[in-house]
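Structure first, commentary second.
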Amino acid sequence: MIDKYDVIVVGVGGMGVLTSAYLIAESARFDGYDVKIGEVHGMAQRGGSVIAEVRLNKEKVFSPTIPRFEADLMIGLELTEALRYSHKLSSSGSAVINDYLLPPPLIDDYPQREAILSKLRRQINDLRLVDCYGIAEKIGARFVVNTVAVAASKAYSFLPVSNKSLLNALKSIFSDKKAKLNRKALELTLKLLGS
Amino acid sequence: MNLFEKIACGGLGEKLLLLGNEAIARGLIEAGVIVATTYPGTPSSEIGNTLAVTSSKYGKPRYFEFSTNEKVAFEVAASAAVAGLRSCVFMKHVGLNVAADPLMSSAYIGTNAGFTVITADDPGCWSSQNEQDNRYYAYLANLPMLEPSNSQEAKDMIRDAFIISEKLELPVIFRVTTRVSHTRGKVILGKIETQKPKKFVKNPGRYVPIPAVARKRRLVLIDKINKAREISEQTNLNRVEGSGDIGIITSGVSYNYAMEAIAKINIEASILKLGMTYPLPENKIKNFIKDKKQVIIIEELEPLIENTIRSIAQRNNVKVKINGKHDNFFPLSGEFSTDIVVDGIKKALNMETNKQMKIKQAEKTPFRPPIFCPGCPHMASYHIVKRVLSPRTIWASDIGCYTLAINKPFQMADILYCMGSSIGAAMGMSKADKVAVAFIGDSTFFHSGLPELVNAVYNKHNVLVVVLDNGTTAMTGHQPHPGTGRTGMGEKTKVILPEMFAEALGIPYEVTDPYNIALSVKALRRLLKRKGEGPALIVFRRSCALIRPVEQVYIINDKCTGCFACINSLGCPALRKRNGNAIILSNLCRGCGVCSQVCPFEAIESVNDLETEKKNFLNFTQ
């Protein structure tokens, strides 16, 4: 058990940012951490930019938000959003980013994949780009993309939670049918990306 | 067991990860609340969403309703409490403005069984038109106020609120902020109590505040608030933590930032954590500040605690340095963070504020504001109105998803005050010889549009009222309303439609489906022809795209010329530009077909097989 670990999960409204954050926090709670998730609701969710902050502490978490430049891990479900929030990472921070670009609508000169990636590589100490939709499609359910991203961050040994707790958390937060698909997503991702 | 079931039925000692709002819902259930009412509003919405399920499925609380507005909700809950049932009303901060009238009288009348008024404030305006500080209402009405700092306290302090309310026979204000309501944290469940109804005895000399009664009740209220001050002195909700000759006084979510900040700066400090913030415990504060070297007050928004503490120091002749917002050490606007509180404490203590700490700059990224969802019927409705009416028209907007028409490509929002204000604003604009249109959603229409429409008829205001009826309260999470035929507890009820009022008031009206552009344009033109002096009303009726199953998707065929009429007139997020042509992101398309109607070249067609949906999933990395 480490002293503390701060995660930001970012993406576009509707992709499952809040659920990912919940999954991480619930697993960490099962592992004995105190946890808090700072969420953004309402207007911010209508296809807008969404960030959730998950804080793990073996003693007690006070603030629901992470102090600036102190996040240990960023899980980015979309490239533009990953770029938007990348400065929140600490200088030794890591990132697991879904290789998926959905530019905001009605904008013609949005940053392209390569430009985003080169900026992210400059900023982030350890960046892992993952085709999360590719893995989700193997399950046959594109909506599990968020669980794939969380699982990837575990497969790369960033997320300090146990596989057992991740599985229990899936059972705790999803209905039976969805839990099954998400479990498949978790297991397949761990198998494909795990060392 | 799903989360709602755990909230309703979870036993003593069970641990859950709950949003502040879910914890409040559990707190209400534990306190044995019998009647709970609300009008949905973020950041309070999840309290109602939770109770809607727990009341209908598990009978906890026994009665819950989504009222038509906060004033109604307040009166229902307050009177149920007078009648002897533990009751609660909850709303977002601006909702309490709507309910302010009965709130003020309820302080005079008092309560019989416990009555708690929950207000969810929104520092930082995450989902609101202002960041007013509703702690003022406790001062204004002379009502006790409690403020939790996290989910556990949000649950536990609900019980305290009811105990205080019953002891004083006064409503208690329970104030949370967005970061308490929308933070998920550990909660250990308590015991679910059952409350026996209290007896109600008729007493017009108390419950009917005609002037003669009100004058007496004012004195009773002053006496009660003095008793509340004694509770504030005694209660462990106001307590000292830690030690040191620097004193920090804080409450609510700011307590968390203060705790993290003192650990970060590594100073010895004594914290006075205030859970009961009105009335403040004068003696406790006096004793806390008198032996301190310096006192720093950490509170979001207005310097309310600070003002009181400065007054306490002055009246008790305590000479101590007090710092807070009056020294500009802490900002008046926006929500706090650990960083802001660290900076404020350092300034107050004359410490160096970071030896030029390297500030990482955010990368430049295109803004991604909230937008209309793919297939949202509001896009079609705005397109139709824009097509028929002159661009010089004044567009009076209202509160709901449709306020997003302020953005491109519509830019059809010129004025907005609050819930239901669109019709009033259009009336005022029309007095200045402007052609004015009011856009109002179905739930907002029932909330406070009705008296405005009556005024438009009565005073012969020449306005067009556009009701955007998507059959739900979409913005706050799809709560039912009088037009849905369903109550907050899931029971069937009479369907009340906006056009019924147009019919009753004898004004011209039309009802149309915005997904059919041609017919809707005709309906609007027909209405404008029939419209004389006074108002006319058109209802655009089509259910919210998020609660309708997708039966088909649309694709762009090779007739596309790249004119982008579809994108420029609708701005649907499923429509994008790609290699000089328009494309439809089939993973976003909800199959409404509106874009196929605005395409001049018949280049948009529907496909029924879901395989296409899979094939046309588009990632802009390729």
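The values are calculated or read from the model by the stated rules, or taken from the named source; none is laboratory data. The structure displayed is predicted, hence computed values, not measured ones. When we count neighbours, we look across all protein chains shown, and the Cβ atoms used for this are built from the backbone with ideal geometry, even at glycine. What goes into the accessible areas is simple: the full protein's heavy atoms, side chains included, and nothing from ligands, DNA or RNA. Shrake-Rupley method; radii C 1.70, N 1.55, O 1.52, S 1.80 Å.
Test B:Asp223 against the stated conditions and say whether it is among the charged types (D, E, K, R), in a helix (DSSP H, G or I) and without any contact (Cβ under 8 Å) to a residue 12 or more places away in the chain. Please lay out each step first, then the result.
On the way: among the charged types (D, E, K, R): yes; in a helix (DSSP H, G or I): yes; without any contact (Cβ under 8 Å) to a residue 12 or more places away in the chain: yes.
The answer is yes for B:Asp223.
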Next item on the list: Within the range A:63-113, work out how many residues are touching a residue at least 40 places away in the same chain (Cβ under 8 Å), over 26 Å from B:Ala258 (Cβ atoms) and of a type in the set (D, E, K, R).
Entry: 3
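Looking for whichever is among the β-branched types (Val, Ile, Thr) and either within 7 Å of chain B (Cβ to nearest Cβ) or within 14 Å of the chain's Cα centre (by Cα) (or both) here; the options are A:Val54, A:Val61. Which one fits? Give the derivation first.
Details: A:Val61 fails: either within 7 Å of chain B (Cβ to nearest Cβ) or within 14 Å of the chain's Cα centre (by Cα) (or both).
The match here is A:Val54.
For the range B:195-226, what are the residues that are β-branched (Val, Ile, Thr) and either open to solvent by 50 Å² or more (accessible area, probe 1.4 Å) or more than 30 Å from the chain's Cα centre (by Cα) (or both)?
Step one: filter the range B:195-226 for residues β-branched (Val, Ile, Thr), giving B:201, B:208, B:210, B:213, B:220, B:222, B:225.
Of everything in the range B:195-226, those that are β-branched (Val, Ile, Thr) and either open to solvent by 50 Å² or more (accessible area, probe 1.4 Å) or more than 30 Å from the chain's Cα centre (by Cα) (or both) turn out to be B:Val201, B:Val208, B:Ile210, B:Val213, B:Val220, B:Ile222.
Would you mind stating whether B:Asp133 is in contact with a Ser or Thr (Cβ under 7 Å, 6 or more places away or on another chain), among the acidic types (Asp, Glu) and open to solvent by less than 20 Å² (accessible area, probe 1.4 Å)?
On the way: in contact with a Ser or Thr (Cβ under 7 Å, 6 or more places away or on another chain): no; among the acidic types (Asp, Glu): yes; open to solvent by less than 20 Å² (accessible area, probe 1.4 Å): yes.
For B:Asp133, the condition - in contact with a Ser or Thr (Cβ under 7 Å, 6 or more places away or on another chain), among the acidic types (Asp, Glu) and open to solvent by less than 20 Å² (accessible area, probe 1.4 Å) - is not met.
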Next item on the list: State whether one or more residues within the range A:5-16 are under 20 Å from B:Met259 (Cα atoms), open to solvent by 10 Å² or more (accessible area, probe 1.4 Å) and more than 9 Å from every other protein chain (Cβ to nearest Cβ).
Entry: yes
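Does any residue of the range A:144-163 turn out to be within 11 Å of another protein chain (Cβ to nearest Cβ) and either open to solvent by 40 Å² or more (accessible area, probe 1.4 Å) or in contact with an Asp or Glu (Cβ under 7 Å, 6 or more places away or on another chain) (or both)? It would help to see each step written out before you state the result.
Taking the range A:144-163 and keeping what is within 11 Å of another protein chain (Cβ to nearest Cβ), we get A:145.
Filter once more, so that each one left must be either open to solvent by 40 Å² or more (accessible area, probe 1.4 Å) or in contact with an Asp or Glu (Cβ under 7 Å, 6 or more places away or on another chain) (or both): none.
Within the range A:144-163, not a single residue is within 11 Å of another protein chain (Cβ to nearest Cβ) and either open to solvent by 40 Å² or more (accessible area, probe 1.4 Å) or in contact with an Asp or Glu (Cβ under 7 Å, 6 or more places away or on another chain) (or both).
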Next item on the list: Give me a count of the residues in the range B:1-32 that are crowded, with 21+ Cβ neighbours inside 10 Å and in a strand (DSSP E or B).
Entry: 4
Next item on the list: Return yes when A:Ile107 is more than 10 Å from chain B (Cβ to nearest Cβ), within 15 Å of B:Phe367 (Cα to Cα) and surrounded by fewer than 24 Cβ atoms within 10 Å (Cβ to Cβ) and no when it is not.
Entry: no
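Conditions tested, residue by residue: (1) open to solvent by 10 Å² or more (accessible area, probe 1.4 Å); (2) touching a helix residue (DSSP H, G or I) at 6+ places or on another chain (Cβ under 6 Å); (3) more than 22 Å from B:Leu389 (Cα to Cα).
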site: B:Tyr417; (1), (2), (3): yes, no, yes
site: B:Met429; (1), (2), (3): yes, no, no
site: B:Asp433; (1), (2), (3): yes, no, no
site: B:Thr444; (1), (2), (3): no, no, yes
site: B:Asn455; (1), (2), (3): yes, no, yes
Checklist line | Pair list, Cβ under 6 Å, 6 or more apart: the range B:375-390 residue part of a loop (DSSP other than H, G, I, E, B), other residue crowded, with 24+ Cβ neighbours inside 10 Å | finding: B:Gly375/B:Cys592
Checklist line | Flag if A:Met15 is touching a Leu at 6+ places or on another chain (Cβ under 8 Å) and in a loop (DSSP other than H, G, I, E, B) | finding: yes
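Quick one: in the range B:508-554, which of the residues that are among the charged types (D, E, K, R), out of contact with any Asp or Glu (no Cβ under 7 Å at 6 or more places or on another chain) and touching a residue at least 40 places away in the same chain (Cβ under 8 Å) is surrounded by the most Cβ atoms within 10 Å (Cβ to Cβ)? Walk me through it before giving the result.
Step one: list which residues in the range B:508-554 are among the charged types (D, E, K, R), which gives B:510, B:513, B:522, B:525-526, B:529-531, B:533, B:541-542, B:548, B:551.
Next, only the ones that are out of contact with any Asp or Glu (no Cβ under 7 Å at 6 or more places or on another chain) stay: B:510, B:513, B:522, B:525, B:529-531, B:533, B:548, B:551.
With touching a residue at least 40 places away in the same chain (Cβ under 8 Å) added as a condition, the list becomes B:525, B:531, B:533, B:548, B:551.
Working: B:Arg525: 13, B:Lys531: 18, B:Glu533: 7, B:Arg548: 16, B:Glu551: 10.
Checking each candidate, the answer is B:Lys531.
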Next item on the list: Quick one: which residue in B:Val457, B:Val465 is away from chain A (no Cβ under 14 Å) and under 19 Å from B:Phe540 (Cα atoms)?
Entry: B:Val465
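Is one or more of the residues making up the range B:46-69 farther than 30 Å from B:Met1 by Cα and touching a helix residue (DSSP H, G or I) at 6+ places or on another chain (Cβ under 7 Å)?
If we filter the range B:46-69 for residues that are farther than 30 Å from B:Met1 by Cα, which is where we start, we get B:68-69.
Next, only the ones that are touching a helix residue (DSSP H, G or I) at 6+ places or on another chain (Cβ under 7 Å) stay: B:68-69.
Yes, the conditions are met somewhere in the range B:46-69.
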Next item on the list: Starting from the range B:84-107, take each residue that is within 26 Å of B:Pro123 (Cβ to Cβ) and list its partners that are surrounded by fewer than 24 Cβ atoms within 10 Å (Cβ to Cβ) and of a type in the set (Lys, Arg), counting only C-beta distances under 7 angstrom and pairs at least six apart or across chains.
Entry: B:Val98/B:Lys71; B:Ala99/B:Lys71; B:Asp101/B:Lys71; B:Pro102/B:Lys71
Margin query: Just to check your reading of the model, which residue among B:Thr472, B:Thr476 is in contact with a helix residue (DSSP H, G or I) (Cβ under 9 Å, 6 or more places away or on another chain) and surrounded by fewer than 24 Cβ atoms within 10 Å (Cβ to Cβ)?
Written below: B:Thr472
Check: Is it the case that the range B:229-241 has a residue that's surrounded by 23 or more Cβ atoms within 10 Å (Cβ to Cβ), more than 32 Å from the chain's Cα centre (by Cα) and within 30 Å of B:Pro123 (Cβ to Cβ)?
Finding: no
Item checked: Counted residues, the range B:168-194 - those being within 17 Å of B:Asp156 (Cβ to Cβ) and either open to solvent by 50 Å² or more (accessible area, probe 1.4 Å) or outside the structural domain of B:Pro43 (by TED's automatic domain parsing) (or both) -> 4
Check: Has the range B:339-362 got at least one residue that is within 14 Å of chain A (Cβ to nearest Cβ), part of a helix (DSSP H, G or I) and of a type in the set (Asp, Glu)?
Finding: yes
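Out of the residues in the range A:165-181 that are touching a residue at least 40 places away in the same chain (Cβ under 8 Å) and away from every other protein chain (no Cβ under 14 Å), state the one that is nearest to the chain's Cα centre (by Cα). Can you show your working first?
Here is the first cut: in the range A:165-181, the ones touching a residue at least 40 places away in the same chain (Cβ under 8 Å) are A:165-166, A:168-170, A:172-173, A:181.
Add one more test, that the residue is away from every other protein chain (no Cβ under 14 Å), and what stays is A:166, A:181.
Values: A:Leu166: 13, A:Leu181: 18 Å.
Once the filter is applied, the top-ranked residue is A:Leu166.
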Notebook entry, point to check: From the residues in the range B:601-622 that are modelled with pLDDT under 85 and not in a loop (DSSP other than H, G, I, E, B), which one is most open to solvent (accessible area, probe 1.4 Å)?
Noted result: B:Lys615
Item checked: Residues (within 7 Å of chain B (Cβ to nearest Cβ) and within 16 Å of the chain's Cα centre (by Cα)) located in the range A:88-104 -> A:Asp99, A:Tyr100, A:Leu101
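Tell me which strands (runs of 3 or more DSSP E) are completely within the range A:25-99 and hold 3 or more residues being open to solvent by less than 10 Å² (accessible area, probe 1.4 Å) and over 29 Å from B:Leu16 (Cβ atoms), or say none if there are none.
Numbers: elements: A:34-38, A:49-57, A:71-76, A:89-98.
Qualifying strands (runs of 3 or more DSSP E): A:89-98.
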Checklist line | Residue in the range B:377-391 that is within 14 Å of chain A (Cβ to nearest Cβ) and crowded, with 18+ Cβ neighbours inside 10 Å present | finding: yes
Next item on the list: Please tell me if B:Lys434 is within 21 Å of B:Leu528 (Cβ to Cβ), among the basic types (Lys, Arg) and modelled with pLDDT of 95 or more.
Entry: no
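The rows are residues; the columns are (1) touching a Phe, Trp or Tyr at 6+ places or on another chain (Cβ under 6 Å); (2) within 20 Å of B:Arg184 (Cα to Cα); (3) not β-branched (Val, Ile, Thr).
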| site | (1), (2), (3) |
| --- | --- |
| B:Lys6 | no, yes, yes |
| B:Gly41 | no, yes, yes |
| B:Ile47 | yes, yes, no |
| B:Thr50 | no, yes, no |
| B:Tyr58 | no, no, yes |
| B:Arg62 | no, no, yes |
| B:Val76 | no, no, no |
